[in-house]
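> One structure is given below, represented as structure tokens, and several questions about it will come after.
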Amino acid sequence: MSTIIRTEQQDSSSTEALPPVIRARQLQLDGKRGRIYGPVDLDLEPGSLTLITGRAGSGKTSLLLTLVGRMKPNRGSDLTVLGRQLPARARGVQHRSAAVGVHGLDDLDEEVTVGATVREREAWLSPWYRLVRTPTDARIAQICAPVFGDVPAPTAKMLVHQLDEADNLLLRIALAMMSSPELIVVDDIDSLHDTDGRRRVWECLHGIADAGVTVVVSAAGAGELGRLGWATLPNHVALPTHAIG
């Protein structure tokens, strides 16, 4: 029997006339060893914040990558993201979304400076003919401000390995936001060991969602959400663990 997983919808009074950013029906993925995730049903509204939880082996990372067009679900899955049917129109979704915190996808070189890291991202997003210089501290602060909030942004000469876990993840989010995505997924937020650091990241993601970007986050559990003190909690999707582990 199919497992139907639904979200607890946020107040959508300002976006009720808009189609969902993500609509999934019977979304699932199988691998050589069996079921990875699903079936999953989702309706996620523009500017919503959603938490996907599950133990190791529940397919959280694979589901996030599917939602941003970087993994193909099983044939027969019905998935529309940002108005595009997946996987047929994956390239369009990839250009309008971002994935953060996925091992091997957006890892930062810890031996280079923050300035060099930001410059590389700006060069990637710029036309080939544009000369991109190493950014100043002021430019980095400008890029990081929507993500870091009142916390001082790293300086251009700081090495990436000098950042704590939360600042490293916040920098990765800031780099992702430079492409103005409409959808961003953040994997494994509870890998941050420091409670205050996780709270800072949650507040950042809450602000990004309030600005209209749809945010989907994964974690092992949802226990700390009630301690955030928010009037409205994120949508919550709980994935079961399948036998393949």
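> Residues of the range 101-118 being surrounded by fewer than 22 Cβ atoms within 10 Å (Cβ to Cβ) and part of a loop (DSSP other than H, G, I, E, B), which ones?
102, 103, 104, 105, 106, 107, 108, 109, 110, 111, 112 - these are the residues of the range 101-118 that are surrounded by fewer than 22 Cβ atoms within 10 Å (Cβ to Cβ) and part of a loop (DSSP other than H, G, I, E, B).
> Another question, if that's okay. State whether the residues of the range 124-144 include one that is at negative phi, open to solvent by less than 50 Å² (accessible area, probe 1.4 Å) and out of contact with any helix residue (DSSP H, G or I) (no Cβ under 8 Å at 6 or more places or on another chain).
Taking the range 124-144 first, the residues at negative phi are 124-144.
Remaining after also requiring open to solvent by less than 50 Å² (accessible area, probe 1.4 Å): 126, 132, 135, 140-141, 143-144.
Keeping just the survivors that are out of contact with any helix residue (DSSP H, G or I) (no Cβ under 8 Å at 6 or more places or on another chain) gives 126, 141.
For the range 124-144, residues at negative phi, open to solvent by less than 50 Å² (accessible area, probe 1.4 Å) and out of contact with any helix residue (DSSP H, G or I) (no Cβ under 8 Å at 6 or more places or on another chain): present.
> Is there any pair linking a residue in the range 108-134 that is touching a residue at least 60 places away in the same chain (Cβ under 8 Å) to one that is among the hydrophobic types (A, V, I, L, M, F, W, C) and assigned to a helix (DSSP H, G or I), with Cβ under 6 Å and at least six apart or on different chains, and which?
Note: pairs meeting the criteria are 108/160.
> Shifting gears a bit: Go through the residues of the range 235-242 one by one and say whether even a single one is open to solvent by 60 Å² or more (accessible area, probe 1.4 Å), within 18 Å of residue 67 (Cα to Cα) and out of contact with any Leu (no Cβ under 9 Å at 6 or more places or on another chain).
Scanning the range 235-242, I find no residue that is open to solvent by 60 Å² or more (accessible area, probe 1.4 Å), within 18 Å of residue 67 (Cα to Cα) and out of contact with any Leu (no Cβ under 9 Å at 6 or more places or on another chain), so the answer is no.
> Oh, and also: Would you pick out the residues in the range 31-54 that are more than 18 Å from the chain's Cα centre (by Cα) and surrounded by fewer than 17 Cβ atoms within 10 Å (Cβ to Cβ)?
Within the range 31-54, 31, 32, 33, 34 qualify.
> For the range 204-230, which positions are more than 26 Å from residue 70 (Cα to Cα) and either surrounded by 13 or more Cβ atoms within 10 Å (Cβ to Cβ) or touching a strand residue (DSSP E or B) at 6+ places or on another chain (Cβ under 7 Å) (or both)?
224, 225, 228, 230
> Out of all the residues in the range 150-177, which are in contact with a helix residue (DSSP H, G or I) (Cβ under 7 Å, 6 or more places away or on another chain) and of a type in the set (Gly, Ala, Ser)?
Within the range 150-177, 153, 156, 166, 174 qualify.
> Just checking, how many residues over the range 60-100 are closer than 19 Å to residue 219 by Cβ and either open to solvent by 20 Å² or more (accessible area, probe 1.4 Å) or more than 15 Å from the chain's Cα centre (by Cα) (or both)?
4
> Return the pairs, sorted by first residue and then second, in which the second residue is aromatic (Phe, Trp, Tyr) and open to solvent by less than 30 Å² (accessible area, probe 1.4 Å), the first residue lies in the range 51-72 and is free of Cβ contacts under 8 Å to residues at least 40 places away in the same chain, the beta carbons are less than 9 Å apart, and the residues are 6+ apart or on different chains.
Correct list of pairs: 62/37; 66/37.
> Turning to a different aspect of this structure: Which residues, counting only those in the range 181-196, are of a type outside the set (D, E, K, R) and either touching a Gly at 6+ places or on another chain (Cβ under 8 Å) or surrounded by 18 or more Cβ atoms within 10 Å (Cβ to Cβ) (or both)? Break it down stepwise before answering.
The first filter runs over the range 181-196 and keeps only residues of a type outside the set (D, E, K, R), leaving 181, 183-186, 189, 191-193, 195.
Passing the criteria: 181, 183, 184, 185, 186, 189, 191, 192.
The values are calculated or read from the model by the stated rules, or taken from the named source; none is laboratory data. What you see is a predicted model; the values in this text were computed from it and never measured. All Cβ positions, even for glycine, are placed from backbone atoms using ideal geometry, and neighbour counts span all protein chains on display. Note: accessible area is taken over every heavy atom of the protein model, side chains too, but ligands, DNA and RNA are not part of it. Shrake-Rupley method; radii C 1.70, N 1.55, O 1.52, S 1.80 Å.
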